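So the structure is just underneath, and the comments pick up after that.
Just so it is clear, none of the values below were taken in a lab; they were calculated from the coordinates. As the structure is a computational prediction, the values presented were derived from the model and not from experiment. For neighbour counting, all protein chains shown are included, and Cβ atoms are generated from backbone atoms with ideal geometry for every residue, glycine included.
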Amino acid sequence: MIITLTLNPAVDQTMFLERLATGEVNRVRETQLDPAGKGINASRIAHRLGWPTIAFGVSAGESGVIVQRALDDEGVQHHFVRLAGRTRINVTIVEDATGRATSLYGPGPAVDSQHLAAVEDLVRFWLPSGRVLVLAGSLPPTAPDDTYARYIRLAREHGVTAILDSSGEPLRRGLDAVPSVIKPNVAEAEELLGRALGDVDAVVKGARELAARGIDVVVISMGAEGSVCIQGKRVWRIVPPVVERQSTVGSGDSFVAGLAIALARGDDLVEGLRLGTAAGAATAMSAGTALASVNDVSRLLPDVGIEVIDA
C-alpha cells in the first residue's frame with residue numbers, strides 16, 4: 001500500500017475566461033473544482049493506476065468536506081483529522097486569449113500539537129501495512145519545521161520507503177532524517193545548495209551532492225526538460241514525451257505517484273521513472289487542476305526517454 005500525508009490540503013478552483021481584466025467584472029466561461037494537495041494528488045493518481053493507497057491529512061470547515069467528498073466519489077481511501085477553521089482554497093484563473101494562468105493560494109488552518117499527534121497515531125497504525133510513505137507539500141503555518149523528519153524516522157522504524165516532496169525549511173529539516181527518496185524541482189534544489197543550477201550538467205552535479213548526504217534516490221525535476229535522477233553510481237536523464245501542455249498543476253505529484261508504485265511493487269527504479277514521467281506528462285495535458293487519465297498514461301508510457309549518464 002502507498003500511504004500519503006498531506007497536512008496542508010486545499011480545494012483548487014480553476015476559472016476559465018477570455019481575458020482577465022483587473023478592477024472590472026469578469027464573466028467566467030467555465031469553472032472546475034478539484035481536491036488538492038501534493039499527497040492527495042499522489043493518492044488519486046496511484047488509485048487511478050490500480051495501486052492500493054490511503055491518504056491522511058487534516059480537514060477543516062466546508063471546504064474540507066469538499067475534499068473528503070471528492071475522494072469518496074473517486075473511491076480513494078482516506079482518513080482526515082477534523083479541526084477548526086477552513087481548508088485553504090486556491091484559485092487559478094486561466095485566460096483563453098493568452099494561455100496565461102494566475103494563481104491565488106489561500107492560507108491553511110492552524111493545527112496544534114493534539115491534531116498533529118492524532119494524525120501521527122493514524123499513520124503509525126497503518127505503516128505496518130504500507131510499503132511507501134509519501135510526505136508531500138507545505139506544512140500548516142503552526143506545524144514545526146521538523147514534522148516530516150519525524151515521519152521519515154518513523155517510516156524507517158517500520159521498513160517503509162519514505163518519499164519527501166516538499167520545499168523550504170520542511171525539506172531542509174527532512175533531509176536531516178535521511179529520507180529514501182527526494183524530488184525537488186530545480187528552484188528547490190538551488191535553495192538547498194545555495195547556488196544556481198544553470199544547465200543539465202549543473203543539475204547532475206547538484207543531485208550528486210544531495211545524494212552524498214545518504215539519500216538513496218535523488219530526482220531533480222526540470223519541468224518540460226524532464227528530470228535527472230541519481231541512485232548510487234547510476235545516473236539518468238529522463239526525457240518526457242512531447243505533449244500539448246495545458247497546465248503543470250499536479251504534474252510533479254503524478255510523477256511521485258508513478259515512482260511510488262514502482263517502489264511498492266519492487267520494480268527497478270527505471271520503471272518508476274518511466275511511469276512517473278508518463279503520469280506527469282498526462283497530467284500536463286489536462287486543463288486546469290485536473291489530473292491524468294489512465295488511458296493517457298498508458299499511451300505516453302512508450303514515448304518516455306531514459307538516457308544513461310556516465311557516472
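Things worth noting here:
- Length added when fully stretched, Glu30-Val65, from 0.36 nm per residue minus Cα-Cα: 10.3 nm
- Reachable aspartates and glutamates, given that their alpha-carbon falls under 19 Å from the alpha-carbon of Lys205 and they are not under 8 places away in the same chain: Glu188, Glu190, Glu191, Asp216, Glu225, Glu307, Asp310
- Cβ crowding within 10 Å ranks Asp303, Asp199 as Asp199, Asp303, fewest other Cβ atoms first.
- Net charge contributed by nearby residues that have their C-beta within less than 13 Å of Ala101 (K/R +1, D/E -1): 0
- Length-normalised contact order for segment 36-183 - Cα pairs under 8 Å, 6+ apart - percent: 18
- Counting only lysines at least 8 places from Lys38 when in the same chain, those with an alpha carbon closer than 25 Å to its own are Lys183.
- Estimated FRET transfer efficiency (Asp310, Asp267; beta-carbon r; R0 25 Å; 0.05): 0.55
- Rounded D (µm²/s) - the chain, Kirkwood Rh over Cα pairs, Stokes-Einstein at 10 °C, 1.306 mPa s: 81
- The chain: DSSP helices with Cα axial extent of at least 18 Å and average Kyte-Doolittle hydropathy no lower than 0.0: 113-126, 251-265, 269-284
- Here is how the number arises for the chain: DSSP H runs of 4 or more residues each give -39500 (n - 2.57), the sum is divided by the residue count, and the result at 222 nm is -11500 deg cm²/dmol.
- Selected from Ala212, Ala118, Ala224 as most flexible by GNM, with the chain as the system and alpha-carbon contacts under 10 Å: Ala212
- Values of log10 I(q)/I(0), in the order q = 0.18, 0.22, 0.23 Å⁻¹, for segment 130-201 under a Debye, Cα-only, solvent-free model: -0.67, -0.91, -0.97
- For segment 242-311, convex hull of alpha carbons as volume per residue, Å³: 91
- Considering only beta bridges that DSSP places wholly inside the chain, some 45 percent are antiparallel.
- Remark: the chain carries a charge dipole of roughly 420 debye about the Cα centre, counting +1 on each Lys and Arg Cβ and -1 on each Asp and Glu Cβ.
- Charge tally around Gly168: other residues with Cβ under 9 Å, Lys/Arg +1 each, Asp/Glu -1 each, net -3.
- Residue-count net charge about Leu17 - beta-carbon cut-off 9 Å; Lys, Arg +1, Asp, Glu -1: -1
- Exposure proxy for Thr87, Thr98: other Cβ atoms within 10 Å of each Cβ, ordered fewest to most, give Thr98, Thr87.
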